[in-house]
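The values are calculated or read from the model by the stated rules, or taken from the named source; none is laboratory data. Owing to the predicted nature of the structure, the values given are computational and were not obtained by experimental measurement. Quick reminder, even Gly has a Cβ in these numbers, built from the backbone with ideal geometry, and neighbours come from all protein chains shown. Surface accessibility is based on the protein's heavy atoms, side chains included, excluding ligands, DNA and RNA. Shrake-Rupley method; radii C 1.70, N 1.55, O 1.52, S 1.80 Å.
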Amino acid sequence: MKKKITNFEISTLNYFITRAFLIGITFNALINFMKQDSWIIPILGIIPGIMFIFVINYIMNYEPSLSLPDKIIKLFKRKIGVVIIIISVLFAFFMCTLNFLNLGNFIQSQFLTKTPILAIVILFAIATFYILTKGINTMSRTSNILFYLNIIFLIISSLGLIQSLKISNLKPFLVSSMEDYASGLNSYYAFNISPMILLTMIPKDRIENPKIKKCLIISYILSAITLFGLIFETLAVFGYELASLYEYAEFHVLKHVSLFGLNSRIESILVMQLLYDVFIFNVFVIYFIANNVKTVFKFKKVNLLYFITCILIIVGTLFLSKYNIYLDNLIANIIPIFATIFTILFVAIICIKIKISKK
């Protein structure tokens, strides 16, 4: 990492990784529990998200010259530290594979119906590998460029959907139970808050004039507002019943975008705002996995690790694709609980150990 990363680059990375699971995962999980009240969850999720940012900031302030795996090894010594790192790598690998599969399913079902998922995943893996070989600085600059495009597409989509919004589609309001809210918030935390732990991979000393807490809070709130807008617009256009019938309602609502009284039919371009999220997340997760492995095994050829990780992700995606029929139930009921328990325990153990080490 020759050049330091800017606060804005950290902010855009955070923006993307906290939006990455919306299409096909977060949205489906939320409407499963919250139905027409799903749009409320991103707003309610701001508070736990900010609380989690304070935890992230606390971890990054400890030994600011070290990345997360180095901090873990220093805190827990090598034997226990390696076990913790391997478990975190396996978890990250599963979430990345899940997102790759979701991306492959989306592209295949909506655009390339005769193209096998393998071909789609390989193409994205190649693009991911290319950016990784250029280093974290190129990754962060790519994130900056895609952020501007993302915001432009988001504005166009929102303006184009205004005339199609029907508030009556959101009625009756606030009919969900407390259990539904708890399940919805748990899903939102698992898919859209907990990924922020990935940012601890970047040593604080490698950030130019670091203002971690401020940058993460601003970018996270922006992410939450955009997620609120996307979910609100989808439900306001389709209503819960129709939205639940679509496999990717967040994409199909873009077909209703109309500018200057004309149906622009540019949904294939506007959907890129959602695909950028998935792409940047997958790039950063593979960076996280490979560099954790590099620290554990003291492997010097990190580009080879990127390549091996991409290959394993492809294999894992093909394996998971055999169980597509079970994924909806897993995403709605099992994976969020598992992810929440794991990430809370993971950060809690690290924070407790940091506090003990300071005594």
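Quick notes on this one:
- Per-selection metrics, the stretch 148-290 (Cα): Rg and Dmax in Å: 17.7, 51
- Protection-proxy order for peptides 22-31, 327-336, each taking the mean of Cβ atoms within 10 Å per residue, highest first: 22-31, 327-336
- Pairs beyond 23 Å (Cα-Cα), from 77/214; 35/322; 74/300; 3/300; 301/355; 3/77: 77/214; 35/322; 301/355; 3/77
- From the coordinates shown, log10 I(q)/I(0) by the Debye sum over Cα atoms at q = 0.10, 0.12, 0.14 Å⁻¹ corresponds to which of (1) -0.69, -0.96, -1.22; (2) -0.60, -0.87, -1.20; (3) -0.85, -1.02, -1.18: (2)
- Take the stretch 62-110 with all the other protein chains still there, run a 1.4 Å probe, and you get 38 Å² of accessible area per residue.
- Per-residue ellipticity at 222 nm, computed for the chain from helices alone with -39500 (n - 2.57) per DSSP H run of at least four residues, works out to -23000 deg cm²/dmol.
- Calculated FRET value between residue 123 and residue 177, using beta carbons and R₀ = 51 Å, to 0.05: 0.75
- Computed FRET value (nearest 0.05) for residue 358 with residue 151, which takes r as the C-beta separation and R₀ as 45 Å: 0.65
- The accessible-area ordering, largest first, of the residues 111, 288 stands as 111, 288, per a 1.4 angstrom probe.
- Full-stretch length increase - residue 304, residue 247 - with 0.36 nm per residue and alpha-carbon distance subtracted: 16.9 nm
- Using the Cβ-Cβ distance between residue 214 and residue 44 with R0 set to 25 Å, the FRET efficiency from 1/(1 + (r/R0)^6) comes to roughly 0.65.
- Loop-located trypsin sites (Lys or Arg not before Pro) in the stretch 61-158, at most 14 other Cβ atoms within 10 Å (DSSP): 114, 134
- The three principal axes of the Cα atoms in the stretch 215-310 give end-to-end lengths of 58, 29, 28 Å, sorted in falling order.
- Given a 1.4 Å probe and the protein chains as shown, residue 313 ends up with an accessible area of around 0 Å².
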